[in-house]
Every structure is written in structure tokens, then in C-alpha cells.
Amino acid sequence: MPLAKVKIKISDFNFYYGQVKVIKGVSVEMLAKNVTSIIGPSGCGKSTLLRCFNRMNDLIPGARAEGRAEIEGVDILGPQVDVVELRKRVGMVFQKPNPFPKSIFDNVAYGLRVNDITDRLIIEKRVEQSLRSAALWDEVKDRLKDNALNLSGGQQQRLCVARALAVEPEILLMDEPASALDPIATARIEELIVELKKHYTIVIVTHNMQQAARISDHTAFLMQGELVEYGKTSDIFTKPRKKLTEDYITGRFG
Amino acid sequence: MKIKRIKEKVVEGLFFLNGLIVIIILAGIFLLLLKNALPGLKEIGLMEFLATGYWNPDAYGKATYGALSMLVSTGMVTIGSLLIAVPLGIGTAAYLSDVASPRVREIAKPVVEILAGIPSVVLGFLGIVLVGPLLAKLTGTYNGLNAINGSILLAVMALPTIISLSEDALNSVPRSYAEASLALGANKWQTVTQVKVPAAASGIVAACMLGMGRAIGETMTVLMATGNAAQFPTGFLSSVKTMTSTIAIELGEVAYFTTHFYMLFSVGLVLFLITFVINLISDIVFNKHMKMLK
């Protein structure tokens, strides 16, 4: 097996909301073109950790990070970091599908337009590519001018994936992307994630342990802001090293 | 137990009465205007009143009561003020809601509210001593008391309404839209102008219409700043006499129960209907906006 490249690396990472420490001394290395899942009970800091990778927590007053966080060896925390540039490289799909109240086409084209791509042909090409990658093209190709809010929940979420892919990120963060969807739509999103990891580094937060087991290569188990265990998904789910991990994945709490 | 229920009924009745009183007052104003306007309208005819432009009650020969020049004047001053206040107001609202730091917001919001509290006569004063001379210098006209002057001052008066209501509309846009936009590498300005403003469009339209209602009905400022020449306006540099100014100037000196008196009420009635319809529409649009975002 070729040595996988480390894409995201955090070390001794702490995160605060005001005085409250919500991430406590977490160190993790996530590999390129892998799916890494973050699991843990509600309120353990999964989403907060995920949102550190594209600095979405900056929007919250009083939020503050400590320690090191790097993408390909380059610091992403410092004040010199161009957050807009970072977010182009690190795309995100949210828990609830949140397409803009615009047409399907404009939703996907939005990220291109705000990044100053104005050539119609390039935009059209990129929109089609992104919708194909998100396995949505065949369903919407005849109604690209329709309002995106008319799509079903599952379609909306795949549209959000397409929208994120259009700006050609290297990393895709997914914050419980299937939690608001029915089982069939969930299965489609999961297939999509497995397909996408050929080209993207994916970090997914999930509540659903079976989902983590099905689609991820590595799993991080977080509890009360601390990293309990991190390793190959197969190891975590078949021979966890910590008792706490075993209790959680067997459903004894959580 | 029973006393408590009676008490509740009484309180309920009192509140109902309060609501009723407002409606009665509104209907009363409308009926008063209508009653005093009808005799004049019957004599002059609706066509001459609304479709001809000469308002000359003191003519030596036959007095004329064409209100078109006033309607156009009011329309010009109002549209002029909106051309200034709408872009400025929406821009300020966007800045305050999404771009400004909390510190700036804390200072700017009360300032906007203070702006709303400036007495209109003070603004009119500024129109005469400040805006007028400045306009005269810039455009080479005699005194700068004209439609532009009125538009600028009315824009200042409409701004607080447009800013604070537009800001409310922008704040009611779900956070998830802004998050999605920022996560795609859009900056704050792109997010607010390209995602939030379109999503809040109906609320912003309602805000602008309320600002417009404010501008149409404003009297003292335009009376002082526009020169009040009873002529058909030829452009934004000409002196205009709006509907409100006409009523304010003439009603104090008119003999009661004459045609002139009745016709001033007709002007008031038209003004009332215009502002009523504008407020009604903005209310409907705003409610639609709120429902859509739910």
C-alpha cells in the first residue's frame, strides 16, 4: 500500500466559546483522499472541530482557537490566513440542506461567480460537471431554471454537494449530511461520498455509527471535547483499544 | 372564580375598544375629507381636477382648480428622494447587518434613530440655508429652492425608515443561507448583496414603500425647500409646489365653505388615498415576506 499523504493535521488543539473549553488538546492527522469520520455523543464538539477546518467558527463572537492546525503543512489558524481563500479549498456541506432560494443552475454557479469566473461557457461546463459528480445531473438536467427549493430533501442535499464541488475544493467537510434525510436518500449520499473520495479528502461528522463504519477509512471518537480514540475504522469498530469506545459503539450510552 | 372571569372579560373588552377607536378615527378622517371634498368635486368635475394643470383659485376671471401640476410635483419630489434614499438605505442596512463590527453597529444604530427624530422644520431650515445655496452654486440657478432640494431633504427623512426596516428584513433571513455562501469562499459583501438581499427582497421593498409614504406626506420640509411656484414643473431644477405645501399654505387663509375650501379638501383626499394604498401594499408585501421565510 502506498504511503498516504497527510492532508489535515492538528496538534494540541484547544477551542473555546468565551470561557468554555469545548475542544481539549486534540491531535489528529487526516489522510488525503480518505474519508475520516468524527463520531461521538451530542455536544461532544464534533461539529465545532469540523468547523475549525474552514474557520466557520469565526462567525461566532468570542470563539477562539489554540494550538496548531495545518492543511498540507501550512497553518490555517493565524491572522495572516486568508479565510476566503481557505474556504475555497475547504468546501462544506451542512446538516440541513440549505440551497439558496435561487434556480438550480444559479445555486451551483454561485461559488464560481463570487470567485470572479464570468465566462458563460466555463460556468455551464462546471455546473454540469459538479451536478454529475453529485449524482444529480440526470434528475435535474431538464429543469435547471427551476427554483432549488422545489427539489426533494435528498436532491437538495446533493445539490449542496454539487455547489460545494463547483469551486473545486481539495477537502470536503460534511456535518451530518444525511441526518435530515430518509433512508433511501441517505444511501445515495453515502454512495456519493465513497465515490467522491477518489478525488477529495472528506471529513464527515455523523451521529450514525453504522454510517461511519460503512463509508469511512478512519474514525475519530470524540467525547466531551477530548479525543478518546483515533484509528482505522475497521479497528475502531472491531477491536477498540479503549473501554469507552467499546461502550459507545455497542450502544451502551450516547 | 367568577369575579376573575368577569375581570378578564372587561380587560378584553377594553383592548377591543382601543382597537376599535383607531379604526373609527381612521374612518372618521376619511369621511370628513370626503364630505368636504364632494361639493367642490361636483362643481369642478373630477376630470378638470385630476387632468388639468392650472391651480389658480385667485384668478381675476374664472378660478381654475387643476391639481395635475401638484400631483406631478409631489411625484417628482418623492421619486427623486427615493432615487437617493433607496440605494443609500439598502447599502447602509446591508453594511450594518452583515459587515460592520459590533462596535460600529452599536454607535451607528442610535445615530440612525436620532436622524428619525429631527423635526422636519429643522431639515427645512437646512434646505434653505445649506442645501439651497449649495445647489444654486452647483447648478447656476438663482436660489436652489427646487425639486432636487426637496428630494434631498425628503431622502434624509425617509432614510431611517428604510434603513431600520431593511435591516430587520435582512436579519430575518435564515443564517444557513449566509453560512452556505461564506463556506463557498464568498466574502461578507458578496454574501449580503447576492444572497441575503435577494432573499429579503420583499421585506426591503416594503421598507422602501413605507419610506415613500413618509416622503409623500411630508409637508414642512418641502414647503420650505422647494420654492412653491404654482407652475407646471419643467424639470428637477424648477421650483415646485406639492400637494402638501398647497394645503398648508392655502387652507389657513381660505374662506370657509367656498369652492376653494372644498377643493383643498379634495387634494387632501387624494393624498390620503395615495398614502393609504402605499401603506397597505407595503404591509401586504411585508407579511408575505415573513410568511415565506417561515
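The values are calculated or read from the model by the stated rules, or taken from the named source; none is laboratory data. Bear in mind that the values here come from a model prediction, so they are computed numbers and not experimental data. Note that we place each Cβ from the backbone using ideal geometry, even for glycine, and neighbour counts take in every protein chain shown.
In this structure, does B:LEU153 turn out to be under 20 Å from B:THR219 (Cβ atoms), modelled with pLDDT of 95 or more, surrounded by 15 or more Cβ atoms within 10 Å (Cβ to Cβ) and not basic (Lys, Arg)?
In short, yes.
Is one or more of the residues making up the range B:78-94 touching a strand residue (DSSP E or B) at 6+ places or on another chain (Cβ under 8 Å) and part of a helix (DSSP H, G or I)?
no
Checking B:GLY235 against (1) part of a loop (DSSP other than H, G, I, E, B); (2) within 14 Å of chain A (Cβ to nearest Cβ), which single condition isn't satisfied?
The failed condition is (2).
What are the pairs, 6+ residues apart or on separate chains, where a residue within the range A:83-106 that is within 7 Å of another protein chain (Cβ to nearest Cβ) has its Cβ under 7 Å from a residue that is surrounded by fewer than 17 Cβ atoms within 10 Å (Cβ to Cβ) and part of a strand (DSSP E or B)?
Sorted first by the residue in the range A:83-106, then by its partner, the pairs are A:PRO101/A:ASN147.
Would you be able to tell me the number of residues in the range B:122-163 that are in a loop (DSSP other than H, G, I, E, B) and in contact with a Phe, Trp or Tyr (Cβ under 8 Å, 6 or more places away or on another chain)?
So the answer is 1.
Where residues in the range A:1-39 are in contact with a His (Cβ under 9 Å, 6 or more places away or on another chain) and in a loop (DSSP other than H, G, I, E, B), which of them is nearest to A:LEU244 (Cα to Cα)?
A:ASN34
Output the qualifying pairs, or none if there are none: Cβ atoms under 6 angstrom, residues six or more apart or on different chains, first residue in the range B:158-170 and among the acidic types (Asp, Glu), second residue surrounded by fewer than 24 Cβ atoms within 10 Å (Cβ to Cβ).
Qualifying pairs under 6 Å: B:GLU167/B:LEU96; B:GLU167/B:SER97.
What are the residues in the range B:97-111 that are out of contact with any Asp or Glu (no Cβ under 9 Å at 6 or more places or on another chain) and in a helix (DSSP H, G or I), if any?
Hits for the range B:97-111 are B:ASP98, B:VAL99, B:PRO102, B:ARG103, B:VAL104, B:ARG105, B:GLU106, B:ILE107, B:ALA108, B:PRO110, B:VAL111.
Cβ contacts < 6 Å: first residue at the interface with another protein chain (Cβ under 8 Å from one of its Cβ atoms) and assigned to a helix (DSSP H, G or I), restricted to the range B:182-194; second residue among the acidic types (Asp, Glu) and surrounded by fewer than 18 Cβ atoms within 10 Å (Cβ to Cβ), any location; separation 6+ or different chain. Result?
Final answer for the pair search is none.
Looking only at residues that are hydrophobic (A, V, I, L, M, F, W, C), surrounded by 14 or more Cβ atoms within 10 Å (Cβ to Cβ) and outside any strand (DSSP E or B) in the range A:58-80, which one is nearest to the other protein chains (Cβ to nearest Cβ)?
Per the stated criteria, the residue is A:ILE76.
Out of the range A:107-120, which residues are over 15 Å from A:TRP137 (Cα atoms) and either modelled with pLDDT of 95 or more or within 11 Å of chain B (Cβ to nearest Cβ) (or both)?
Selection gives A:TYR110, A:GLY111, A:LEU112, A:ARG113, A:VAL114, A:ASN115, A:ASP116.
Which residues, taken from the range B:257-285, are closer than 16 Å to B:ASP58 by Cβ and either part of a loop (DSSP other than H, G, I, E, B) or of a type outside the set (A, V, I, L, M, F, W, C) (or both)?
B:THR258, B:THR259, B:HIS260, B:TYR262
From (1) under 27 Å from B:ALA199 (Cβ atoms); (2) part of a helix (DSSP H, G or I), pick out the condition that doesn't hold for A:LYS125.
The failed condition is (1).
So how many residues does the range B:55-64 have that are over 25 Å from the mean Cα position of the chain (by Cα) and either in contact (Cβ under 8 Å) with a residue 12 or more places away in the chain or in a helix (DSSP H, G or I) (or both)?
4
What is the one condition in (1) within 24 Å of B:PHE265 (Cβ to Cβ); (2) surrounded by 10 or more Cβ atoms within 10 Å (Cβ to Cβ) that B:MET47 does not satisfy?
If we test B:MET47 against (1) within 24 Å of B:PHE265 (Cβ to Cβ); (2) surrounded by 10 or more Cβ atoms within 10 Å (Cβ to Cβ), just (2) comes out false.
Is the range B:116-132 home to any residue that is within 30 Å of B:ALA178 (Cα to Cα), at pLDDT below 95 and of a type outside the set (Asp, Glu)?
Yes: one or more hits.
Taking only the range A:46-57 into account, find how many residues are in a loop (DSSP other than H, G, I, E, B) and either more than 8 Å from every other protein chain (Cβ to nearest Cβ) or exposed (fewer than 14 other Cβ atoms within 10 Å of the Cβ) (or both).
Final tally of qualifying residues: 2.
Output yes when any residue across the range B:225-232 is part of a helix (DSSP H, G or I) and either in contact with a Leu (Cβ under 6 Å, 6 or more places away or on another chain) or more than 10 Å from chain A (Cβ to nearest Cβ) (or both), and no when none is.
Yes - at least one qualifying residue is present in the range B:225-232.
Could you please let me know if B:SER166 is surrounded by 22 or more Cβ atoms within 10 Å (Cβ to Cβ) and either more than 14 Å from chain A (Cβ to nearest Cβ) or part of a helix (DSSP H, G or I) (or both)?
So B:SER166 fits the description; yes.
Being touching a helix residue (DSSP H, G or I) at 6+ places or on another chain (Cβ under 6 Å), of a type in the set (Val, Ile, Thr) and crowded, with 16+ Cβ neighbours inside 10 Å, is that true of even one residue in the range B:105-115?
Yes; the residues of the range B:105-115 include at least one that is touching a helix residue (DSSP H, G or I) at 6+ places or on another chain (Cβ under 6 Å), of a type in the set (Val, Ile, Thr) and crowded, with 16+ Cβ neighbours inside 10 Å.
Check whether at least one residue in the range A:36-43 is in contact (Cβ under 8 Å) with a residue 60 or more places away in the chain, buried (at least 21 other Cβ atoms within 10 Å of the Cβ), hydrophobic (A, V, I, L, M, F, W, C) and on the phi < 0 side of the Ramachandran plot, and report yes or no.
The answer is yes, given that some residue of the range A:36-43 is in contact (Cβ under 8 Å) with a residue 60 or more places away in the chain, buried (at least 21 other Cβ atoms within 10 Å of the Cβ), hydrophobic (A, V, I, L, M, F, W, C) and on the phi < 0 side of the Ramachandran plot.
Would you confirm whether or not the range B:248-268 contains a residue that is without any contact (Cβ under 8 Å) to a residue 40 or more places away in the chain, within 16 Å of B:MET76 (Cβ to Cβ) and surrounded by fewer than 20 Cβ atoms within 10 Å (Cβ to Cβ)?
Checking the range B:248-268: not a single residue is without any contact (Cβ under 8 Å) to a residue 40 or more places away in the chain, within 16 Å of B:MET76 (Cβ to Cβ) and surrounded by fewer than 20 Cβ atoms within 10 Å (Cβ to Cβ).
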